[in-house]
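Data first, discussion second: the structure below is written as structure tokens.
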Amino acid sequence: MNNIIVTSIDYILNWSRANSLWPLTFATSCCGIEMMQTVASDNDIARFGSEVFRGSPRQADLLICAGTITYKMAPVLVRLYEQMAEPKYVIAMGACTCGGGMFADTSYSVINGIDKIIPVDIYLPMCPPRPEALLDAIRKLQDKIKKESIIDRKKFLEKHKTKLFDTNSNKEVINEY
């Protein structure tokens with residue numbers, strides 16, 4: 001009997017989380033323009049319950065990181081991520097966010113992948129991704145949220161604990177990049 005009740009509560013909570021994602025934007029380059037286009041009437045992100053981009057990380061549960069991430073920006077990004085409400089999700093939008101993009105081999109200041117500092121749920125590695133691709137990524141994230149359990153989420157976060165920075169002291173922990 002208890003399994004039926006817990007399963008039903010999990011289903012209702014996951015359904016409500018999936019259909020009311022509140023995004024926080026971290027746009028640093030050309031991918032940010034495509035992310036802004038997603039809010040326009042042609043694409044209408046409001047169909048997915050994500051129409052209001054939040055200005056404060058404490059009001060958001062989805063981080064859409066769009067653009068190049070440098071070592072100077074990384075502590076700020078980590079701080080924003082840690083201030084977000086639980087459960088929190090991340091979409092890495094663009095080739096530069098996912099793996100350094102065209103700067104991966106030529107720039108010493110670019111982090112080659114956001115997953116080195118925060119856990120990523122959905123990768124969107126185009127340059128730059130179209131608004132339709134971002135909407136598809138949000139749909140895939142919604143499907144993932146609807147199927148997950150709290151235990152699976154904790155295991156995912158524990159598995160992806162790698163960080164380049166210690167947020168308490170803002171010092172670089174790994175200096176090999």
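Readers should treat all values here as calculations from the given coordinates under stated rules, not as data from a laboratory. These numbers come from a predicted model, not from an experiment. For neighbour counting, all protein chains shown are included, and Cβ atoms are generated from backbone atoms with ideal geometry for every residue, glycine included.
Side notes on the structure shown:
- Net charge dipole size for region 19-171 [Lys, Arg +1 and Asp, Glu -1 on Cβ; Debye, nearest 20]: 520 debye
- Sequence ranges 131-142, 35-46, ranked by mean other-Cβ count within 10 angstrom, highest first: 131-142, 35-46
- Proxy reagent accessibility, fewest Cβ within 10 Å first, across LEU63, LEU21: LEU21, LEU63
- Fraction in percent of alpha-carbon pairs per bin - 10 Å, region 1-150: 12, 41, 32, 12, 3, 0
- Extension gain for ARG58-MET126 works out to 21.6 nm (0.36 nm per residue, less the C-alpha to C-alpha distance).
- Ordering of 12-20, 106-114 by packing [mean C-beta count within 10 Å, highest first]: 106-114, 12-20
- Summing +1 for each Lys or Arg and -1 for each Asp or Glu among the other residues whose beta-carbon sits under 15 angstrom from that of PHE103 gives +1.
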